[in-house]
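*Asks:* Please find one structure pasted underneath; my questions will follow.
The values are calculated or read from the model by the stated rules, or taken from the named source; none is laboratory data. Computed from a prediction, not measured in an experiment: that's the story for all the values here. Glycine also receives a Cβ, built like all others from the backbone with ideal geometry; neighbour counts cover every protein chain displayed. Calculation scope for accessible area: heavy atoms of the full protein, side chains included, ligands and nucleic acids excluded. Shrake-Rupley method; radii C 1.70, N 1.55, O 1.52, S 1.80 Å.
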Amino acid sequence: MILPQSGIYSSGQHGPVLFLLHGGGHSALSWAVFTAVIYSRINCRVVAMDLRAHGDTKVKNSDDLSAETMSKDIGKVVEALYGENPPPIIMIGHSMGGAIAVHTAAANHVPSLLGLCVIDVVEGTAMDALNSMQNFLRSRPKTFKSVENAIEWSVKSGQIRNIESARVSMGGQVKKIEEPLNSPSISKSVGEGIIEEEEEEEKGESNHKRKKEDDQEVKESVYTWQVDLSRTEKYWEGWFSGLSALFLACPVPKLLLLAGVDRLDKDLTIGQMQGKFQMQVLPQCGHAVHEDAPEKVADALASFMVRHKFTDFKEGFLC
């Protein structure tokens, strides 16, 4: 079920709620394939929301992407959905969403929190990566000719390795530019990326011909990123600094899913040896682990939840 204009997607009627938080620049649609898989395995409800400034969510002061503000958003959405008596909730977050899930849990914005699952975000690795993040963002295409073009790029570049998930997910990552390319409100960089720029018009070209080409340009379907992540840089450190200590201090059962064991930092290595959380490495995945391998993530999460008696496997499901 989709709640119109709310940026919230939900499914299921019974069982604990899996509350899904996407990564930076993504949207709730990144959980679409995973949701279908996990719902087939265990008795649960699923809620996925577009975080502020992402997807279809519209808020005042959308430029405020601080961990404090976004974690408060989660608490307000849970309250709006369930009132004063929310059902048992397991928060699951990927990348930036994983960090926000930890901040939300640490601030006790979800009083019925039952468990916490963080996907491929570790403080040490994330902090080390911040220095190169702007270079990575600059390396991406600025625009795409179509959503299909964006899907093709995401798979070929390895951003999403599962074409089924990419077909759904990329639609929430890009938006159509409604203005002409020569509009002063659109950055010059929009014409870059995988759309080839036309050669400069010759100086002697007539105004009539220029107008005709401009009219043709307006009719082109051009897509750009829904969120300009480069403008969120001032919040990056706040998302990830101190994250390991906050994660370890959360008093609920915890699951950490990683694309590679090298991502563990010192605090988490010690915590894992002390049995403070369960960890599972899912090899042959990119950073978008839940999109690349939704079945493996669903299996890991289902086993974690059944082990802690949060729920049961669905009748007929062979685990």
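*Asks:* Out of all the residues in the stretch 239-258, is one or more open to solvent by less than 70 Å² (accessible area, probe 1.4 Å), in contact with a His (Cβ under 6 Å, 6 or more places away or on another chain) and closer than 25 Å to T35 by Cβ?
*Replies:* Checked against the condition, which is being open to solvent by less than 70 Å² (accessible area, probe 1.4 Å), in contact with a His (Cβ under 6 Å, 6 or more places away or on another chain) and closer than 25 Å to T35 by Cβ, the stretch 239-258 yields at least one hit.
*Asks:* Continuing with the same structure: Determine the pairs where a residue that is outside any helix (DSSP H, G or I), located within the stretch 106-135, has a partner that is of a type in the set (D, E) with Cβ atoms under 6 Å apart, the partner being 6 or more residues away or on another chain.
*Replies:* V122/D265
*Asks:* Right, something else. Considering (1) surrounded by fewer than 17 Cβ atoms within 10 Å (Cβ to Cβ); (2) assigned to a helix (DSSP H, G or I); (3) touching a residue at least 60 places away in the same chain (Cβ under 8 Å); (4) not small (G, A, S), say which one I100 fails and leave the rest.
*Replies:* It fails just one condition, (1).
*Asks:* Further question on the same structure: Just need a number here: residues in the stretch 227-237 that are surrounded by fewer than 16 Cβ atoms within 10 Å (Cβ to Cβ) and assigned to a helix (DSSP H, G or I).
*Replies:* Counting residues in the stretch 227-237 that are surrounded by fewer than 16 Cβ atoms within 10 Å (Cβ to Cβ) and assigned to a helix (DSSP H, G or I) gives 5.
*Asks:* While we're on this one: Suppose we filter G286, G275, G271, G260 for residues that are in contact with a Leu (Cβ under 6 Å, 6 or more places away or on another chain) and not charged (D, E, K, R); which single one remains?
*Replies:* Just one listed residue meets the conditions, G271.
*Asks:* Applying the selection to the stretch 288-319, what residues are out of contact with any strand residue (DSSP E or B) (no Cβ under 8 Å at 6 or more places or on another chain) and of a type in the set (D, E, K, R)?
*Replies:* Of everything in the stretch 288-319, those that are out of contact with any strand residue (DSSP E or B) (no Cβ under 8 Å at 6 or more places or on another chain) and of a type in the set (D, E, K, R) turn out to be E291, D292, E295, K296, D299, R307, K309, E315.
*Asks:* Across the stretch 294-319, what is the total count of residues that are open to solvent by 10 Å² or more (accessible area, probe 1.4 Å) and within 19 Å of the chain's Cα centre (by Cα)?
*Replies:* So the answer is 2.
*Asks:* Working only within the stretch 8-36, note down all residues that are of a type in the set (V, I, T) and part of a strand (DSSP E or B).
*Replies:* Listed by number, the residues that qualify are I8, V17.
*Asks:* Let me ask something else. Quickly run through the stretch 37-73 and pick out the residues that are open to solvent by less than 40 Å² (accessible area, probe 1.4 Å), touching a residue at least 60 places away in the same chain (Cβ under 8 Å) and either over 27 Å from A293 (Cα atoms) or not in a strand (DSSP E or B) (or both).
*Replies:* Of everything in the stretch 37-73, those that are open to solvent by less than 40 Å² (accessible area, probe 1.4 Å), touching a residue at least 60 places away in the same chain (Cβ under 8 Å) and either over 27 Å from A293 (Cα atoms) or not in a strand (DSSP E or B) (or both) turn out to be V37, I38, R41, C44, D50, A53, H54, G55, L65, S66, A67.
*Asks:* How about the stretch 1-33: which of its residues are modelled with pLDDT of 95 or more and among the β-branched types (V, I, T)?
*Replies:* Correct list: V17, V33.
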